[in-house]
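Structure, as structure tokens:
We did not get these values from a lab; they are worked out from the coordinates using the rules stated. Values in this document were obtained by computation on a predicted structure and should not be read as measured data. Positions of Cβ are generated from backbone atoms using ideal geometry, with glycine treated the same way; all protein chains shown enter the neighbour counts.
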Amino acid sequence: MEGGHLYWRKNGQWAHTIDAIKHIASKINRKVDLENYDWIVYVRVLRVRYTEYAALTVAPAKYIFSKAKQKKRATA
């Protein structure tokens, strides 16, 4: 399935990933560090029939599975 895109509701233009991240971070009432993070905000655009929805997951970083980290551990 092909992924969708995020669009700004106010003007309908496509939102770049970093712009979406900065917008979400501006709504969080605490310091946000994009390099050394404790929490992950994962945004995925899902297409259901003919409509696209943004699915958001907010979770501590330690609970997010990473295939890349798993491969590193396996080869170490």
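In region 8-31, the condition of being surrounded by 11 or more Cβ atoms within 10 Å (Cβ to Cβ), charged (D, E, K, R) and at negative phi is met by at least one residue. Looking only at residues of region 50-68 that are in a loop (DSSP other than H, G, I, E, B) and not polar (S, T, N, Q), we find that the one that is surrounded by the most Cβ atoms within 10 Å (Cβ to Cβ) is 64. Could you say whether any residue in region 35-49 is part of a loop (DSSP other than H, G, I, E, B), hydroxyl-bearing (Ser, Thr, Tyr), under 14 Å from the mean Cα position of the chain (by Cα) and surrounded by 10 or more Cβ atoms within 10 Å (Cβ to Cβ)? The answer is yes, given that some residue of region 35-49 is part of a loop (DSSP other than H, G, I, E, B), hydroxyl-bearing (Ser, Thr, Tyr), under 14 Å from the mean Cα position of the chain (by Cα) and surrounded by 10 or more Cβ atoms within 10 Å (Cβ to Cβ).
Yes/no per residue for (1) in contact (Cβ under 8 Å) with a residue 12 or more places away in the chain; (2) touching a strand residue (DSSP E or B) at 6+ places or on another chain (Cβ under 6 Å):
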{"residue": "10", "(1), (2)": "no, no"}
{"residue": "18", "(1), (2)": "no, no"}
{"residue": "22", "(1), (2)": "no, no"}
{"residue": "32", "(1), (2)": "no, no"}
{"residue": "38", "(1), (2)": "yes, no"}
{"residue": "41", "(1), (2)": "yes, yes"}
{"residue": "47", "(1), (2)": "yes, no"}
{"residue": "50", "(1), (2)": "no, no"}
